[in-house]
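Here the structure is laid out as structure tokens; the discussion comes afterwards.
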Amino acid sequence: MLKGCFVGVRENADTFVLEKTFRAPAAKKAVLRATALGTYFAEINGVRVGDAYLAPGWTTYGKTLQVQEYDVTALLREGENTLSFTVNEGWYCGPLTWQGKRALYGEKPAVCADLYIDGKLLLSSSEEWSARESFIRKSGIYDGETQDFTAECAALTPCAVAFDKKVLVPQICEPVRTTQRLPVREVIRTPKGELVYDFGQNLAGVAEIRTPEGFSGTVTLQFAEVLVGGNFYTANLRSAKATDTFTVKGAAVLSPEFTFHGFRYMKMEGAELPAENVTALVRHTDMRRTGRIWVDDARFRRLLDNVVWGQRSNFVDIPSDCPQRDERLGWTGDINAFCRTAAYNYDVRAFLKKWLKTVRDDQRKTGEIAYVSPDVLGWNGTDAMWCDAVSMVPWTMYEMYGDLSFLSENFGAMKKFIAARERNMENGLVARGHEFGDWLALDNEEFVGNGVYGRTDSFFLTNALHANTLKIAAETARLLGDGAAEKRYRGKYAAHLKRMRREYFTAGGRLAFDTVTAQAVALHFGIVPEEHRAKLARALGENVRRHGYRVTTGFIGSSFLLYALADNGCFDAACKLLLNEKFPGWLYEVDMGATTIWERWNSLLPDGTPNPDGMNSYNHYAYGSMMEFVYSRIAGIGAAAPGFAKIRIAPHFCEGLNKVRAEYESVHGRIAAGYEAADGKIVYTAEIPEGAEAEIELPGEAPVSAGGGVYTFERPLPAAGDTSAQS
């Protein structure tokens, strides 16, 4: 993969420069291949190579390390050239997690590279290079970056760094790039006298500033998500400093290289630059946008925008929980909740292919799954939702894209995981082990903090999710042609379901738990005996109505609640819950000024004060899973066969949204669907790509077959009213 060796420096330096001057012939094609233990960027003759940031990305480096390839033909000249690499600790050996762990993968950052001219190796990092300090004096993922263009950059001593190159692989997914530039929305002088720039949008990225001619000094930038009492607020960042400093003389364009921040607001000290000299650079994995939803309600439109911004902010090379505090980790439960929404919004095939490789790399030999991947916490287990990501995420990707490799690559990991979970069973049901439960649920009557685990019995949730994983394993085995495994897992599923029903349901069909989450999960995953489904659906509808259509569910319950209602005769209740503006709920966040999805329903309390808990993010995406419901149940775009090889269009009027249109660029072409209600009528529309097979099902009507084309159906507008308690 690479001929060169890994080169670092003997001295302790979190950032350094390696440089080599060489002669090159005239070239038709010049290619640079490179990677690093840490993060890096290359320059040829002082010009940056490529437009990627934070390369080579974050993986479990001892098992997978990506190699980047750049076409540098236009940067080389015949004769003398200079190639340089600026290298930083990055995730490889820099501090990570709120515990400040260092050197989790290795002790020293290093770079490895080859330069080819017309297919022949011209130079590599195995040759003699010079090294020096960088103008980037210090940089870290959490704390930010210090650049000093007035400092003397002392010489350093290059040295070889041992690393097993057998784990090198070509770049798997799209790189992190600057995808958008946002101007300052407002310049604010806070009650404390702070100079603050508001970009109007919470995002992941960095700020770019331009100093004027004659400037001399240090500009310090600090970043925050919210203002509290009108003042700059960073307590929720915990130990992350989120601060960039630039020391410079004269006019310059300045931005960090090896860090990123989660922010809407930026505080500046050391200068007072005009708004036009300040820009936010939005940075995340550069995925292709595939889905969009338009609605007539401005507040709901803002909510959908918040979901998309949450995805962009947390898809910075890995699917993270948040982009701002001393965490930014690949929590498996979060992406499991959100992955179908993610796949509607963007083409995430390569992104999640890379991450699932890391999940497999991190899996214990005994089958347990890491709670965060890449695994920097050393926490692993068989927890519901979090650890079920090893089965549910590949299955969702297969359903969305029809790509069987998501199943074939992960089937071995699924089987090991099932075996690990079975070791926590007593009498055929999971009864031991750590569980996150219905994380951050507010399911007591006061809607205030009551711990983080929710009130739903954690092992009930684990057993329900285990049933789902067994079903996925059986279907995966069938698709892969493994008849013995299919028979085994179908038998396990049937036996497990029978035990669950015996344990958790009375003879009359009453569920042992009265929480909204328990009822929703029992319905969504078919745990309820079929003869008692209508009874449980009525109980769920009544439960939701009794709570004033306010959201009581946590990470698990919220992922399935809207489906459990809508698919069991309670569509009106699902819409009322979705559109409820009271606390806690999705539109409550919008009314409180949110521009991304919050971590907690009570991240900002009704009086405008932050949740006093130390874990409080204003940019998570897990609760944004509701957007897939808008795509698939309201606008009505669904897959009737994996990868949308057959399409199901089933729009459904949601009272409060009079105009809805969704588009999705599937692997088989662009699909669109929705409706417009006015003057007592509703007009449903559907667009099917040419050559595709589809079925269109309007509310209360039998499905009809359709081919490629545009379809319009006019019907009387349904009468207003809540049927949430009816089967």
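Once you have all Cα-Cα distances for the stretch 349-478, histogram them in 10 Å bins from zero and send the whole-percent values.
Computed distribution, short to long bins: 13, 41, 32, 12, 2.
Determine the order of LYS138, LYS101, LYS487 by accessible area, beginning with the largest, at a probe radius of 1.4 Å.
LYS487, LYS138, LYS101
So between ARG77 and PHE215, what do we pick up on full extension, going 0.36 nm a residue minus the alpha carbon distance?
46.2 nm
Name the shape class, rounded, prolate or oblate, that the alpha-carbon gyration tensor gives for the stretch 123-181, where a ≥ b ≥ c are the square roots of its eigenvalues, rounded holds for a/c under 1.5, and otherwise prolate holds if a/b is larger than b/c and oblate otherwise.
Oblate, because a/c is 1.5 or more while a/b does not exceed b/c.
Quick check: Cα centre of the stretch 63-120 to Cα centre of the stretch 446-495, how many Å?
41 Å
Using the basic label-point model (7 angstrom from Cα toward the beta carbon), what is the LEU480 to ASP296 distance in nanometres?
According to this spin-label approximation, the distance is 4.9 nm.
Please determine, in degrees from 0 to 90 and to the nearest 10, the orientation of helix 349-362 with respect to the longest principal axis defined by the Cα atoms of the chain, where the helix direction is its Cα long axis.
Compared with the principal axis, the helix lies near 90 degrees.
Count the net charge of all other residues whose Cβ sits under 12 Å from the Cβ of ASN231, scoring Lys and Arg as +1 and Asp and Glu as -1.
So the surrounding residues net to +2.
To test your reading of the geometry: what angle, between 0 and 90 degrees and rounded to tens, separates the Cα axis of helix 405-422 from the longest principal axis of the chain?
With both axes taken from Cα atoms, the answer is about 70 degrees.
Using 0.36 nm times the number of residues separating ALA26 and ALA645, minus their current alpha carbon distance, what extension gain do you get?
My answer for the length gained is 217.9 nm.
Of the heavy-atom accessible surface of the stretch 49-164 (probe 1.4 angstrom), what whole percent is carbon and sulfur?
The nonpolar share, carbon plus sulfur, comes to 48 percent.
How far is it, in nm, from the label point at ASP591 to the one at ARG102 when both lie 7 Å from their Cα along the line to the Cβ?
4.9 nm
Under a Cβ-Cβ cut-off of 11 Å, what is the net charge of the residues other than THR39 that fall near it, where Lys and Arg count +1 and Asp and Glu count -1?
Charge balance near THR39 sits at -4.
Once phi is turned into θ = phi - 60°, what whole-Hz ³J(HN,Hα) does the Karplus curve with 6.51, -1.76 and 1.60 give for every residue of the stretch 544-549, x standing for Gly and Pro?
Rounded to whole hertz, the list is 5, 5, 4, 8, x, 6.
Counting only heavy atoms of the protein chains, get the accessible area per residue of the stretch 484-603 (1.4 Å probe) and round it to a whole Å² value.
Heavy-atom SASA per residue in the stretch 484-603 reads 36 Å².
Over all alpha-carbon pairs of the chain, lay out the pair-distance distribution in 10 Å bins, whole %, shortest bin first.
Result, from short to long distances: 3, 14, 23, 25, 19, 11, 5, 1, 0 percent.
Please give the Cα centre distance for the stretch 667-717 versus the stretch 335-408, rounded to the nearest Å.
33 Å
With n ≥ 4 as the cut-off for DSSP H runs, can you work out [θ] at 222 nm for the chain, using -39500 (n - 2.57) per run divided by the number of residues, rounded to the nearest 500?
-7500 deg cm²/dmol
With all protein chains present and a 1.4 Å probe, how do PHE713, PHE85, PHE525 order by accessible area, largest first?
PHE713, PHE525, PHE85
Counting only protein heavy atoms and a 1.4 Å probe, tell me what percentage of the stretch 209-266's accessible area is made up of carbon and sulfur.
Result for the stretch 209-266: 48 percent of the exposed heavy-atom area is carbon or sulfur.
For ALA419 and VAL47, compute 0.36 nm times the residue count separating them, minus their Cα-Cα distance, and round to one decimal in nm.
Here the segment from ALA419 to VAL47 would lengthen by 128.6 nm.
Specify whether the C-alpha gyration tensor of the stretch 621-687 places it in the rounded, prolate or oblate class, a ≥ b ≥ c being the square roots of the eigenvalues: rounded for a/c under 1.5, otherwise prolate if a/b is larger than b/c and oblate if not.
Oblate, because a/c is 1.5 or more while a/b does not exceed b/c.
What part of the accessible area of the stretch 437-566, given as a whole %, is carbon or sulfur when the probe is 1.4 angstrom?
Accessible surface attributable to carbon and sulfur in the stretch 437-566 totals 50 percent.
How much area per residue is accessible in the stretch 80-140 when the probe is 1.4 Å and only protein heavy atoms are counted (Å²)?
Heavy-atom accessible area per residue stands at 40 Å².
Rounded to whole Hz and in sequence order, give me ³J(HN,Hα) for the stretch 25-33 from the Karplus expression 6.51 cos²θ - 1.76 cosθ + 1.60, θ = phi - 60°, writing x for Gly and Pro.
Listing the rounded values in order: x, 4, 10, 7, 8, 10, 10, 10, 10 Hz.
If you average over every viewing direction, what projected area does the convex hull of the Cα atoms of the stretch 1-107 give, in nm²?
7.5 nm²
Using a 1.4 angstrom probe and counting only protein chains, how large is the accessible area of LEU523 in Å², to 10?
LEU523 has an accessible surface of roughly 0 Å² with all protein chains in place.
May I ask you to give the average projected area over all directions of the convex hull of the Cα atoms of the stretch 631-727, in nm² rounded to one decimal?
That works out to 6.3 nm², a quarter of the Cα hull's surface.
Which order do you get for HIS532, HIS496, HIS652 if you rank them by accessible area with a 1.4 Å probe, largest at the top?
HIS652, HIS532, HIS496
Mind listing the long-range amide H neighbours of THR595? Cut-off is under 5 Å, sequence gap 5 or more, other chains count too, H placed in the peptide plane at 1.01 Å from N.
Result for THR595 returns ASN202.
Return one whole number: the accessible area per residue of the stretch 630-708 in Å², for a 1.4 Å probe.
Ligands and nucleic acids excluded, the result is 39 Å² per residue.
At 1.002 mPa s and 20 °C, plugging the Kirkwood radius over alpha-carbon pairs of the stretch 224-291 into Stokes-Einstein gives what diffusion coefficient in µm²/s?
Reported coefficient: 146 µm²/s.
Report, in degrees rounded to the nearest 10, the 0 to 90 angle that the Cα long axis of helix 555-566 makes with the longest principal axis of the chain.
40 degrees
Based on alpha-carbon centroids, what's the gap between the stretch 197-237 and the stretch 583-613 in Å, whole number please?
22 Å
Taking one equal scatterer on every alpha-carbon of the stretch 182-271, how large is log10 of I(q)/I(0) by Debye at q = 0.11, 0.15, 0.16 1/Å?
Result of the Debye calculation: -0.30, -0.56, -0.63.
Decide, for the stretch 136-230, between rounded, prolate and oblate: order the square roots of the alpha carbon gyration tensor eigenvalues as a ≥ b ≥ c, take rounded if a/c falls under 1.5, and otherwise choose prolate if a/b is larger than b/c, else oblate.
Here the stretch 136-230 falls in the oblate category.
The values are calculated or read from the model by the stated rules, or taken from the named source; none is laboratory data. Computed from a prediction, not measured in an experiment: that's the story for all the values here. Ideal geometry is used to build each Cβ from the backbone, glycine not excepted, and the neighbour counts take in all protein chains shown. Only protein heavy atoms, including side chains, enter the accessible area calculation; ligands, DNA and RNA are left aside. Shrake-Rupley method; radii C 1.70, N 1.55, O 1.52, S 1.80 Å.
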